[in-house]
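I have placed the structure first, in the form of structure tokens, so that the comments after it can refer back to it.
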Ligand SMILES: [Zn+2]
Ligand SMILES: [Zn+2]
């Protein structure tokens, strides 16, 4: 037992009022307090798991990262076979499909290589700010509200980011690659510029995880649900009739990909068109309304190299620049 009075621990942070101290103790700035390293590391590791799982969503499998690319390709090949049953466009050029499949492999490995860095940065940011405020249940009846709540929150974040992609030229320069496919089908799903996922991991997902802390079960359910994106891009005559606000359908999403600027700035939702209804950006297509897809000026990558360097293609002069610039990001609103 020590003799004398215990040595006073040095305070590295002084609060001006008990209220301020209470606020800090809730974890908002826990990294500024004593044992800061321990708290920061604990919060960062917890969120690292969450963020990494979100990134792995893009890789195709939570458990087996290495098989992710094969899972993507298998889904797309099965989807291409199903599309033949009731296609919107018959005889789509094979060169488009081959390009999408090849680009999908390149993009997968780009994500795989960059994911740990982006995930760590996002995890540290979320962890340092206190992590998820609402801890979602990981078992029992609580899953019935936790899973829909997390899916809705993530889909809202996706919706807002997608709006930004069509509003800001910097983001549209990348997102226009996804819209440049003149033969929309299941292989278009992964035709996103390879840096976009890192932007989302750093700038979009952390905001959801600041509010909600999902359990692995909730996270996995959301990952599986997001595979619906493959269906939404299929070249198939499929809609949900009067239930269209419930779930994104191939017809509903095809309208978003329309080359005609009359359809611009609508149907942004990834999973739930209800967000388009709330923000008044929906266009409910008529029974046989399946517009042609692509960019208004018809620009599209001529090969894999151009797809990889898409936003820089004009500077690299990979091929002649079209006379008319692509105005998709600032085209008129439907309403
Ligand atoms: Zn878009
Ligand atoms: Zn799309």
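The values are calculated or read from the model by the stated rules, or taken from the named source; none is laboratory data. Since the structure is predicted, the reported quantities are computational estimates derived from the model, not experimental observations. Quick reminder, even Gly has a Cβ in these numbers, built from the backbone with ideal geometry, and neighbours come from all protein chains shown.
Overview of values
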{"item": "Members of segment 256-275 that are assigned to a helix (DSSP H, G or I) and surrounded by fewer than 22 Cβ atoms within 10 Å (Cβ to Cβ)", "result": "261, 262, 263, 274"}
{"item": "Elements of type helices (runs of 4 or more DSSP H) in segment 132-242, at least 2 residues being surrounded by 21 or more Cβ atoms within 10 Å (Cβ to Cβ) and out of contact with any strand residue (DSSP E or B) (no Cβ under 6 Å at 6 or more places or on another chain)", "result": "143-167, 169-179, 196-203, 205-211, 216-225"}
{"item": "Criterion: modelled with pLDDT under 75 and in a helix (DSSP H, G or I) - qualifying residue of 125, 102", "result": "125"}
{"item": "Output for segment 239-266, where each listed residue is closer than 30 Å to residue 144 by Cα and at pLDDT 95 or above", "result": "247, 248, 249, 250, 251, 252, 253"}
{"item": "Whichever residue in segment 277-298 is within 24 Å of the chain's Cα centre (by Cα) and touching a residue at least 60 places away in the same chain (Cβ under 8 Å) and, among such residues, is farthest from residue 189 (Cα to Cα)", "result": "279"}
{"item": "Where residue 301 falls short, out of the listed (1) surrounded by 17 or more Cβ atoms within 10 Å (Cβ to Cβ); (2) more than 22 Å from the chain's Cα centre (by Cα); (3) not in a loop (DSSP other than H, G, I, E, B)", "result": "(3)"}
{"item": "Index of the failed condition, residue 247 passing every other in (1) out of contact with any strand residue (DSSP E or B) (no Cβ under 6 Å at 6 or more places or on another chain); (2) away from ligand 1 (no atom under 15 Å from the Cβ); (3) more than 20 Å from residue 75 (Cβ to Cβ)", "result": "(3)"}
{"item": "Residue within segment 180-199 that is more than 16 Å from ligand 1 (Cβ to nearest atom), out of contact with any helix residue (DSSP H, G or I) (no Cβ under 7 Å at 6 or more places or on another chain) and either free of Cβ contacts under 8 Å to residues at least 60 places away in the same chain or over 29 Å from residue 137 (Cβ atoms) (or both) present", "result": "no"}
{"item": "Filter result for the condition that a residue is within 16 Å of ligand 1 (Cβ to nearest atom) and under 30 Å from residue 84 (Cβ atoms), over 227, 252", "result": "252"}
